[in-house]
Structure formats: C-alpha cells, structure tokens
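K.L.:
Pasting a structure below so you can have a look.
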C-alpha cells in the first residue's frame with residue numbers, strides 16, 4: 001500500500017491520513033479495555049491498603065492519603081473521561097499515559113516516606129505499573145517507553161537522594177526494574193507493529209470487497225450502497241445532487257474487432273483517467289460491463305458536471321490515442337434536490353437519459369427530477 005511504510009523507531013505511517021485513521025480505529029477498540037484497566041487499577045490500589053496497616057506503622061495515614069486522596073481520584077477521573085468518547089478517543093494516549101504516571105508517581109511518593117524494611121516490599125509495586133504500561137492499556141511503543149523512562153528516573157532520585165537505599169538493594173532493584181522495562185519495550189514494539197500490520201491487512205481486505213479489480217473504481221454493490229446511504233440520511237446538503245451513468249460508445253464493436261484484452265485495457269485506462277480527474281467527494285463505480293455510475297453529492301451549476309466529463313474525455317482519449325479510432329462515451333444525468341430519497345428513481349431517469357445520449361454518441365443529456373431536459377450537449 002502506497003505511503004504505508006512504518007518508521008522503524010516511532011512506528012508511525014508515512015501517510016498522515018493513514019496514521020490518523022489507524023489511531024482513531026485503535027483508540028476506539030481500546031475504550032472498553034481501558035475502563036476495565038482503570039477499575040482493576042483502583043481496586044488494586046485500594047486492596048494494597050491492607051498491606052499499609054501491617055507494614056508502615058504510624059505512617060499509614062500519609063500512605064492512605066496518597067492512595068485515596070490523590071491516586072484513586074485521578075484514576076477515577078480518567079475512567080469517567082472514557083465516557084466522553086469523542087474527547088477520549090482523540091486524547092487516548094495522553095490520558096492513558098497520565099494514568100500510568102499517576103500510578104507510578106503514587107508508588108514513588110510512598111517510597112519517599114516508607115522506612116526499612118517495608119521500603120523494599122513497596123518498590124516491587126513499580127513492576128505492576130510497568131506491566132500495565134506496556135501491555136494492558138494499549139499505549140504506543142514510544143509513549144510507553146517514555147512513561148517508564150520517567151518512572152525509572154523518579155526511582156533513581158528517590159532511592160539515591162530522598163530516601164536512600166542500601167547499595168546492594170539499590171543495585172538489585174535497578175537490575176530487575178530496568179530488565180523488566182527492556183522486556184516491556186520489546187513486547188510493546190511487537191504488539192504495536194502487529195496491530196498496524198493487522199490494520200493494513202484489514203484495509204486490503206475491505207478494498208478487495210469494495211473495489212472493482214479491473215478499473216480500480218468502486219464495485220457495483222458498494223457504490224449503490226454508498227449512494228443509498230447518502231440519500232437516506234440527512235446529509236446537511238441543501239442544494240442539488242446529480243446521478244450520472246456513463247457508457248462507452250461502440251464498445252461491443254471494439255471487443256468484437258480488437259478482442260476482449262483490448263477492451264479490458266480501455267476500461268483500465270478509463271478507470272485511471274477517472275481517478276486522476278474526479279474529486280475525492282464524488283462516488284464513482286463500475287456497474288457492469290462498460291457502464292459506470294457517478295454520484296455528485298453537491299452540484300452548484302449544471303455546467304460543472306458537463307465540464308467534468310469534458311475533462312475526463314480529454315484525459316481518456318490521451319491515454320487511448322494509439323487505438324484505430326478515438327474512443328468516446330455518452331452520459332446520462334439526472335439532477336435532483338434533497339427531497340429525492342429513492343436510488344431506483346434516480347437510476348431509471350439517468351438510464352433513460354443515457355439511452356437518448358447514445359443515439360447521438362459522444363453526448364451528455366441531463367434531465368431534472370421530472371425528466372425535463374435541461375442540457376443536451378456534445379462532449
């Protein structure tokens with residue numbers, strides 16, 4: 001897939017639009033998991049308060065303040081933000097990262113207060129934070145790595161300057177903490193790359209289901225479904241729309257005289273010309289044989305539609321100029337307002353206009369929703 005290359009370190013797609021779609025898709029899937037992760041984190045932070053009552057002596061009120069007045073309320077805020085879905089999906093990585101830093105920061109605050117020997121026991125809580133950081137929340141590799149780097153730096157400051165550990169304990173804790181971090185980085189890298197590969201694979205499968213393999217345009221089923229979806233909803237478009245049918249002139253004669261391989265090449269070239277000239281907002285599909293469908297959601301002037309097909313004809317003839325005769329096409333269009341909701345009516349009116357245009361060849365005939373001709377011009 002074009003522009004789908006991954007940066008080897010940050011694991012971002014070269015294509016910005018593809019990257020945006022991946023993040024939106026990935027964050028939407030992570031919402032439920034994040035909620036369960038926050039519920040479990042709050043529960044664990046609360047349950048470990050039992051340990052405080054037997055391990056830290058008179059310090060337990062200060063430790064409970066960290067647990068129940070600082071960390072748990074902030075984790076609860078993160079949980080509640082997940083129900084503002086639009087905002088949450090947009091800022092998922094930031095919210096999840098802050099949740100990790102709050103959890104890790106709470107443990108570091110406890111380590112700054114707790115004396116020996118309970119101090120050694122509480123430092124193991126950072127391992128749980130690392131597991132959460134790299135596996136449970138679905139954080140991106142770069143974000144997760146940065147979170148753990150900040151937590152490790154905080155641990156070094158607390159263990160060396162605020163509440164110093166004995167050297168052998170400090171070395172031992174660092175060994176396991178840094179080792180767990182390196183393993184977590186490898187896991188996070190692999191999981192993110194796997195998720196991105198699966199995302200691309202899903203796009204490829206959808207493309208196979210939606211796109212005509214010969215022309216590269218939408219296939220009939222998907223094109224018709226998309227037009228129906230537009231007509232059935234309140235699109236917010238108050239102006240007019242257009243539905244057009246295009247048919248190649250003398251295409252059967254071309255197939256009979258030059259062979260179906262040449263006919264397929266012509267259709268392929270037509271598809272390429274259309275993809276180069278049409279707007280991203282327009283829907284174009286191959287309906288069968290050499291018949292193509294065009295749906296223009298917003299039409300300001302009938303001449304705009306005519307000019308689109310004139311430009312398309314020039315592009316198409318430029319890529320087929322090596323044939324024995326110039327290839328032309330005829331077009332039938334219907335222009336209609338927002339009150340029209342039936343695709344079948346649009347199709348039938350455009351089809352009748354196309355039949356009239358094919359009698360002249362190389363013509364465009366446009367009608368309104370009462371089938372009054374409003375344009376009849378040679379392309």
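K.L.:
Among the numbered criteria (1) crowded, with 20+ Cβ neighbours inside 10 Å; (2) modelled with pLDDT under 90; (3) closer than 17 Å to residue 283 by Cα, which single criterion is violated by residue 297?
P.N.:
(1)
K.L.:
Just checking, which of 351, 368, 362 is on the phi > 0 side of the Ramachandran plot and out of contact with any helix residue (DSSP H, G or I) (no Cβ under 7 Å at 6 or more places or on another chain)?
P.N.:
Answer to the check: 362.
K.L.:
Follow-up. Those residues that are touching a residue at least 24 places away in the same chain (Cβ under 8 Å) and more than 19 Å from residue 117 (Cβ to Cβ), I need them from the range 43-56; list them, please.
P.N.:
44, 45, 46
K.L.:
Now for a separate question. Show me the helices (runs of 4 or more DSSP H) entirely contained within the range 57-167 in which 2 or more residues are without any contact (Cβ under 8 Å) to a residue 40 or more places away in the chain.
P.N.:
Those helices (runs of 4 or more DSSP H) span 60-64, 72-81, 85-90, 92-111, 141-157.
K.L.:
Let me ask another. It is to be established whether one or more residues within the range 356-374 are without any contact (Cβ under 8 Å) to a residue 12 or more places away in the chain and either outside the structural domain of residue 231 (by TED's automatic domain parsing) or closer than 17 Å to residue 288 by Cα (or both).
P.N.:
no
K.L.:
Please verify whether residue 333 is farther than 20 Å from residue 278 by Cα, assigned by TED's automatic domain parsing to the domain that holds residue 225 and modelled with pLDDT of 85 or more, treating the condition exactly as stated.
P.N.:
So residue 333 fails the test.
K.L.:
Quick check, is residue 257 part of a loop (DSSP other than H, G, I, E, B) and exposed (fewer than 13 other Cβ atoms within 10 Å of the Cβ)?
P.N.:
no
K.L.:
Follow-up. Quick check: is even one residue across the range 42-49 in contact with a helix residue (DSSP H, G or I) (Cβ under 6 Å, 6 or more places away or on another chain), outside any helix (DSSP H, G or I) and within 16 Å of residue 107 (Cα to Cα)?
P.N.:
No, because not a single residue in the range 42-49 is in contact with a helix residue (DSSP H, G or I) (Cβ under 6 Å, 6 or more places away or on another chain), outside any helix (DSSP H, G or I) and within 16 Å of residue 107 (Cα to Cα).
K.L.:
With 22, 34 as the choices, which residue is assigned by TED's automatic domain parsing to the domain that holds residue 193, in contact with a strand residue (DSSP E or B) (Cβ under 7 Å, 6 or more places away or on another chain) and buried (at least 17 other Cβ atoms within 10 Å of the Cβ)?
P.N.:
Result: 22 is the single residue among 22, 34 that is assigned by TED's automatic domain parsing to the domain that holds residue 193, in contact with a strand residue (DSSP E or B) (Cβ under 7 Å, 6 or more places away or on another chain) and buried (at least 17 other Cβ atoms within 10 Å of the Cβ).
K.L.:
State which residue is farthest from the chain's Cα centre (by Cα) when the search covers only the range 199-209 and only residues that are surrounded by 12 or more Cβ atoms within 10 Å (Cβ to Cβ) and at pLDDT 80 or above.
P.N.:
200
K.L.:
Follow-up question, since we're still on this one. Scan the range 273-291 for residues that are touching a helix residue (DSSP H, G or I) at 6+ places or on another chain (Cβ under 7 Å), loosely packed, with under 15 Cβ neighbours inside 10 Å and modelled with pLDDT under 85 and report the count.
P.N.:
1
K.L.:
Looking at (1) free of Cβ contacts under 8 Å to residues at least 40 places away in the same chain; (2) touching a strand residue (DSSP E or B) at 6+ places or on another chain (Cβ under 7 Å), can you tell me which one residue 289 breaks?
P.N.:
(2)
K.L.:
Any chance the range 13-25 includes a residue that's farther than 30 Å from residue 111 by Cβ and in a loop (DSSP other than H, G, I, E, B)?
P.N.:
Scanning the range 13-25, I find at least one residue that is farther than 30 Å from residue 111 by Cβ and in a loop (DSSP other than H, G, I, E, B), so the answer is yes.
K.L.:
Taking the range 216-235, which residues are in a loop (DSSP other than H, G, I, E, B) and either at pLDDT below 85 or surrounded by fewer than 11 Cβ atoms within 10 Å (Cβ to Cβ) (or both)?
P.N.:
216, 233, 234, 235
K.L.:
Which pairs have Cβ atoms under 6 Å, sit 6 or more apart or on different chains, and link a residue in the range 238-254 that is not assigned by TED's automatic domain parsing to the domain that holds residue 346 and buried (at least 17 other Cβ atoms within 10 Å of the Cβ) to one that is at pLDDT 80 or above and part of a helix (DSSP H, G or I)?
P.N.:
The qualifying pairs do not exist here.
The values are calculated or read from the model by the stated rules, or taken from the named source; none is laboratory data. Just so it is clear, the structure is predicted and the values come from calculations on it, not from any experiment. Quick reminder, even Gly has a Cβ in these numbers, built from the backbone with ideal geometry, and neighbours come from all protein chains shown.
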